[in-house]
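J.: Submitted below is the structure of interest, expressed as structure tokens.
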Amino acid sequence: MTPKVPSSLIYTDDYIEKILRGTRTIAIIGASANWVRPSSFVMKYLQGKGYQVLPVNPARAGEEILGSKCYANIAEIPDQIDMVDIFRSSESVGPVIDEILPIVVEKNIRVIWMQLGVRNDSAAMRAEAVGLQVVMDRCPKIEYGRLFGELSWSGVNSGVISSKRRRIG
Amino acid sequence: MDETNASKIQYQYGLETRTIHAGSRPDPVTGARNTPIYQTTAYTFDDANHAADLFNLQTFGFIYSRLTNPTVAVLEERIANLEDGRAALCASSGHAAQFLTFFSLLNPGDEFIASQNLYGGSITQFTHSFKRLGWTCNFVDMTNVENIKSSISVKTKAIFLEVLANPGGVVIDLEAVAKIANGAGIPLIVDNTLATPFLCQPFKWGADLVLHSTTKFLSGHGTSLGGAIVESGMFDWVGNADKFPTMTEPDPAYHGLTFAETFGDFGFTMKARAVGLRDFGPCMSPANAFYTITGMETLHLRMLRHVENAQVVAEFLNSHNSVDWVSYAGLPKSPYYDLAKKYLPKGAGSVFTFGLKGGYEAGVKLVESTNLFSHLANVGDTRSLILHPASTTHRQLTDAQRDAAGAGPKVIRLSIGLETSDDLLYDLDQAMAQ
Ligand SMILES: Cc1ncc(COP(=O)(O)O)c(C=O)c1O
């Protein structure tokens with residue numbers, strides 16, 4: 001069957017792994033307070049791996065999600081942000097990038113990540129034009145699990161072939 | 001963008017390399033190079049929060065070996081990798097894998113279509129035991145794929161076939177059936193047991209799920225029962241949500257989690273594991289996974305010799321005076337020769353059938369007279385095997401079902417092993433002379 005989104009996007013394992021290793025702080029746009037939502041699963045997992053995760057959701061601004069203060073928009077976040085993870089529809093990514101571009105230098109943003117099923121080529125090109133690294137149609141939880149061995153525990157094909165010991169996570 | 005990353009293409013290892021390495025890196029703590037047998041029932045939690053996350057499927061990790069086990073996981077990833085699939089799940093047998101597959105797809109009242117050319121045990125499972133669960137299987141002669149179209153109804157939720165069918169000789173036009181399944185918005189499930197991913201990779205032709213009895217060629221030495229489900233990750237469950245509520249509706253046992261949404265392209269195997277294995281329990285043992293992993297490391301070498309020997313034996317029988325007919329898709333006169341060239345270019349497998357001019361009596365005499373061929377009910381062993389399907393593997397079927405499956409009273413089935421091919425010819429010749 002044809003998938004919902006054409007997954008013609010090719011990222012090497014090395015490209016993704018460097019992003020995940022080089023990131024400490026992640027803003028999640030579209031974070032949910034409902035713990036059974038995928039965004040909540042992703043946020044909790046990434047927190048467990050030592051990332052500082054900053055939820056962004058105007059409907060929940062001022063409240064706490066999984067112990068972190070929720071912001072109305074990305075500009076409000078006082079800290080530096082390494083990566084912005086976008087949990088929104090593909091069409092909504094354009095306006096999100098509009099918000100991000102003016103604050104890229106101030107917040108030291110380096111990576112724009114769009115979740116599984118989210119793809120916006122023109123927004124991605126605008127982000128890349130100012131030197132941002134972009135990942136589309138991927139989940140950071142799944143990619144972390146895949147590249148650092150945990151997803152293999154559930155029989156997922158990581159594609160990783162290596163005669164070196166796995167680093168313990 | 002495509003262009004930016006396309007220049008840095010991921011290196012692709014060959015099938016032989018992946019047969020040996022996929023899924024098994026050295027143990028992170030001890031450096032053990034071979035996959036250890038993790039003979040443990042359960043795994044400790046870091047704290048109560050970690051335990052809760054694991055039970056809620058919010059993080060990856062081991063809880064209890066009915067669900068996941070590190071040795072079994074290596075085999076699962078290796079099979080998924082060889083099939084070029086997204087994920088795999090192992091079960092205690094091929095039949096258990098079939099049960100878990102249909103349990104994860106169907107509700108009572110649902111139907112599916114299966115090829116009439118199947119392993120007899122599968123026909124029995126689908127006809128009788130599945131019926132008691134409210135699942136109806138409609139068998140179709142898929143050697144003409146047009147028959148499938150007329151059998152699809154709104155209740156049809158899947159199409160099932162063996163690309164290289166047991167007891168042998170029949171090859172189904174996989175690509176054509178995949179188009180029909182795709183058009184109907186239902187998954188095509190291929191039992192790839194007799195071909196193995198070395199001879200055929202059904203996902204390349206549009207299959208959505210691949211099943212294996214790992215008991216056969218994958219483990220390869222007649223030591224260990226096992227089964228596997230592999231998912232391509234390409235089936236659009238959400239787009240066909242009306243047909244597959246099991247995949248797309250909130251699961252009450254997991255706090256309303258939706259498998260297709262939460263796990264995306266490995267949602268099916270997660271469902272089969274977290275619900276199917278959890279509640280019915282047919283898990284593979286770590287020891288059987290270990291035997292199967294070890295056996296699989298020579299899959300590519302063994303399959304080459306299996307098909308080479310099978311071709312020699314089939315040609316020998318084809319020109320033997322006592323033999324009436326030979327059904328092997330590697331023989332140019334076989335009606336499936338061209339399909340075999342397309343789907344099984346490295347060889348048409350090593351399980352096939354033939355009939356003796358002397359009919360049933362001569363067949364019984366033959367299976368009792370071999371000295372090297374073992375008379376038993378299995379296929380895919382290093383040893384050559386011989387069987388009379390009508391009185392054994394296909395015994396539970398009606399006469400009509402047996403004939404349709406290519407397992408009539410005069411049929412002898414061979415599974416050609418890795419012995420000296422001349423010795424196999426010698427043994428069959430002396431047995432037919434008895
Ligand atoms: C093609 C095929 N599928 C499924 C099975 C069932 O597998 P198992 O015996 O591992 O349950 C068999 C067993 O003979 C088989 O030949």
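The values are calculated or read from the model by the stated rules, or taken from the named source; none is laboratory data. The model shown is predicted, which means the values in this text are computed figures rather than measured ones. Neighbour counts are summed over all protein chains in view; Cβ atoms, including those assigned to glycine, are modelled from backbone coordinates with ideal geometry. Accessible surface areas use protein heavy atoms only, side chains included; no ligands, DNA or RNA. Shrake-Rupley method; radii C 1.70, N 1.55, O 1.52, S 1.80 Å.
J.: Going through the stretch B:191-204 one residue at a time, which ones are within 12 Å of the ligand (Cβ to nearest atom) and within 14 Å of another protein chain (Cβ to nearest Cβ)?
T.: None; the set is empty.
J.: Can you report the number of residues in the stretch B:112-137 which are farther than 24 Å from B:Gly406 by Cβ and either part of a strand (DSSP E or B) or among the aliphatic types (A, V, I, L, M) (or both)?
T.: 1
J.: Something else about it: Just the residues that are touching a Ser or Thr at 6+ places or on another chain (Cβ under 7 Å) and in contact (Cβ under 8 Å) with a residue 12 or more places away in the chain, please, taken from the stretch B:254-269.
T.: Of everything in the stretch B:254-269, those that are touching a Ser or Thr at 6+ places or on another chain (Cβ under 7 Å) and in contact (Cβ under 8 Å) with a residue 12 or more places away in the chain turn out to be B:Ala260, B:Phe268.
J.: Among (1) farther than 30 Å from B:Gly347 by Cα; (2) within 12 Å of chain A (Cβ to nearest Cβ); (3) open to solvent by less than 30 Å² (accessible area, probe 1.4 Å), there is one condition B:Val275 misses while meeting the rest; what is its number?
T.: (2)
J.: Sticking with this structure for a sec: Tell me, please, whether a residue that is touching a residue at least 24 places away in the same chain (Cβ under 8 Å) and within 16 Å of the ligand (Cβ to nearest atom) can be found in the stretch B:361-375.
T.: Checked the stretch B:361-375: no residue is touching a residue at least 24 places away in the same chain (Cβ under 8 Å) and within 16 Å of the ligand (Cβ to nearest atom).
Every residue, every condition in (1) surrounded by 24 or more Cβ atoms within 10 Å (Cβ to Cβ); (2) within 16 Å of B:Gly168 (Cα to Cα); (3) in contact (Cβ under 8 Å) with a residue 40 or more places away in the chain, yes or no:
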position: B:Tyr328; (1), (2), (3): yes, yes, yes
position: B:Pro332; (1), (2), (3): no, yes, no
position: B:Tyr337; (1), (2), (3): no, yes, no
position: B:Lys341; (1), (2), (3): no, yes, no
position: B:Ser350; (1), (2), (3): yes, yes, yes
position: B:Phe354; (1), (2), (3): yes, yes, yes
position: B:Gly358; (1), (2), (3): no, no, no
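J.: Does B:Ser391 satisfy being farther than 22 Å from B:Glu162 by Cα, within 16 Å of the ligand (Cβ to nearest atom) and free of Cβ contacts under 8 Å to residues at least 40 places away in the same chain?
T.: Considered against the rule, which asks whether it is farther than 22 Å from B:Glu162 by Cα, within 16 Å of the ligand (Cβ to nearest atom) and free of Cβ contacts under 8 Å to residues at least 40 places away in the same chain, B:Ser391 comes out as no.
J.: If you don't mind, another one. Out of the helices (runs of 4 or more DSSP H) lying entirely within the stretch A:68-169, which hold 3 or more residues that are within 14 Å of chain B (Cβ to nearest Cβ) and touching a residue at least 60 places away in the same chain (Cβ under 8 Å)?
T.: It comes to A:140-147.
J.: If only one of B:Ala97, B:Ala181, B:Ala114 is within 16 Å of the ligand (Cβ to nearest atom), in contact with a strand residue (DSSP E or B) (Cβ under 6 Å, 6 or more places away or on another chain) and within 14 Å of chain A (Cβ to nearest Cβ), which one is it?
T.: B:Ala97
J.: Do we have any residue at all in the stretch B:61-75 that's more than 14 Å from chain A (Cβ to nearest Cβ), within 16 Å of the ligand (Cβ to nearest atom) and more than 28 Å from B:Ser391 (Cα to Cα)?
T.: no
J.: Residues of the stretch A:14-48 being at pLDDT 90 or above, surrounded by 15 or more Cβ atoms within 10 Å (Cβ to Cβ) and assigned to a loop (DSSP other than H, G, I, E, B), which ones?
T.: The answer is A:Thr23, A:Gly30, A:Ala31, A:Ser32, A:Ala33.
J.: Inspect all residues belonging to the stretch B:311-320 and state whether any of them is within 16 Å of the ligand (Cβ to nearest atom) and not assigned by TED's automatic domain parsing to the domain that holds B:Ser219.
T.: No: the stretch B:311-320 contains no residue that is within 16 Å of the ligand (Cβ to nearest atom) and not assigned by TED's automatic domain parsing to the domain that holds B:Ser219.
J.: Select from the stretch B:205-228 the residues that are open to solvent by less than 20 Å² (accessible area, probe 1.4 Å) and more than 12 Å from the ligand (Cβ to nearest atom) and write down the one among them that is farthest from the other protein chains (Cβ to nearest Cβ).
T.: If we take residues in the stretch B:205-228 being open to solvent by less than 20 Å² (accessible area, probe 1.4 Å) and more than 12 Å from the ligand (Cβ to nearest atom), then B:Gly220 is farthest from the other protein chains (Cβ to nearest Cβ).
J.: A further question on this structure: Please find, within the stretch B:261-272, the residue that is farthest from the other protein chains (Cβ to nearest Cβ) out of those that are at negative phi and open to solvent by 10 Å² or more (accessible area, probe 1.4 Å).
T.: Once the filter is applied, the top-ranked residue is B:Lys271.
J.: Check B:Asn107 against each of (1) buried (at least 21 other Cβ atoms within 10 Å of the Cβ); (2) within 21 Å of B:Thr246 (Cα to Cα) and name the one condition it does not meet.
T.: Here B:Asn107 clears every test but (1).
J.: Kindly indicate which of A:Tyr51, A:Tyr11 is free of Cβ contacts under 8 Å to residues at least 60 places away in the same chain, closer than 19 Å to A:Val134 by Cβ, within 14 Å of another protein chain (Cβ to nearest Cβ) and surrounded by 16 or more Cβ atoms within 10 Å (Cβ to Cβ).
T.: Of A:Tyr51, A:Tyr11, the one residue that is free of Cβ contacts under 8 Å to residues at least 60 places away in the same chain, closer than 19 Å to A:Val134 by Cβ, within 14 Å of another protein chain (Cβ to nearest Cβ) and surrounded by 16 or more Cβ atoms within 10 Å (Cβ to Cβ) is A:Tyr51.
J.: What's the total number of residues in the stretch A:118-146 that are surrounded by fewer than 19 Cβ atoms within 10 Å (Cβ to Cβ) and under 28 Å from B:Ala80 (Cβ atoms)?
T.: 0
J.: Let me ask something additional. Looking at (1) open to solvent by less than 20 Å² (accessible area, probe 1.4 Å); (2) away from the ligand (no atom under 16 Å from the Cβ); (3) polar (S, T, N, Q), can you tell me which one B:Ser150 breaks?
T.: With (1) open to solvent by less than 20 Å² (accessible area, probe 1.4 Å); (2) away from the ligand (no atom under 16 Å from the Cβ); (3) polar (S, T, N, Q) applied to B:Ser150, the lone miss is (1).
J.: Let me ask something additional. Name every residue in the stretch B:299-326 that is touching a residue at least 60 places away in the same chain (Cβ under 8 Å), of a type in the set (S, T, N, Q) and out of contact with any Ser or Thr (no Cβ under 8 Å at 6 or more places or on another chain), in order of residue number.
T.: Hit for the stretch B:299-326 is B:Ser322, nothing else.
J.: Here are the criteria: (1) assigned to a helix (DSSP H, G or I); (2) open to solvent by less than 50 Å² (accessible area, probe 1.4 Å). Tell me which single one B:Thr393 does not satisfy.
T.: Only one criterion in (1) assigned to a helix (DSSP H, G or I); (2) open to solvent by less than 50 Å² (accessible area, probe 1.4 Å) is unmet by B:Thr393, namely (1).
J.: For residues that are open to solvent by less than 10 Å² (accessible area, probe 1.4 Å) and within 16 Å of the ligand (Cβ to nearest atom), scanning just the stretch B:169-178, find the one that is nearest to B:Val351 (Cα to Cα).
T.: Top of the filtered list is B:Gly169.
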